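Working notes, structure below.
The values are calculated or read from the model by the stated rules, or taken from the named source; none is laboratory data. Quick caveat, the model's predicted, so the values are computed rather than measured. Here Cβ is always computed from backbone atoms with ideal geometry, including for glycine, and neighbour counts include all displayed protein chains.
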Amino acid sequence: MPAGKLMLIAGPSGCGKSTLLKCLNGFIPHSYKGTLSGEIQLHERATYGLSLRDLALQVGTMLQDPDKQILGSTVEQEIAFGLEKFKHTPR
């Protein structure tokens, strides 16, 4: 996917959308056990070789249901947490 572009991942329930996202953000294999075959690369580096911290600096995840967000109840709070956690300087 070219830098600066957005991508829609769509499909019927159970087709693997959530599993793909868990591979992209590193939840698989870091947090979910199972067998991973193939390779996902981020900036020409395999994601399984990166720590969750390194992945979090490059990949963000927003859940569909605001009530199930990980840390805050709004998109703004979720994004702000990551930026503050890694001491990101506003541009």
Quiz item: Any residue in the stretch 8-25 that is on the phi < 0 side of the Ramachandran plot and modelled with pLDDT under 80?
Solution: no
Quiz prompt | Output for the stretch 33-59, where each listed residue is surrounded by 10 or more Cβ atoms within 10 Å (Cβ to Cβ) and hydroxyl-bearing (Ser, Thr, Tyr) | solution = Thr47, Tyr48, Ser51
Exercise. Among the residues of the stretch 26-43, write down those that are more than 19 Å from Gly60 (Cα to Cα) and touching a helix residue (DSSP H, G or I) at 6+ places or on another chain (Cβ under 6 Å).
Key: Leu36
Self-check item: Selected residue (only one of Met62, Met1 is surrounded by 10 or more Cβ atoms within 10 Å (Cβ to Cβ) and modelled with pLDDT under 85)
Solution: Met62
Self-check item: Residues of the stretch 12-30 classified as surrounded by 10 or more Cβ atoms within 10 Å (Cβ to Cβ), without any contact (Cβ under 8 Å) to a residue 12 or more places away in the chain and not in a helix (DSSP H, G or I), total
Solution: 2
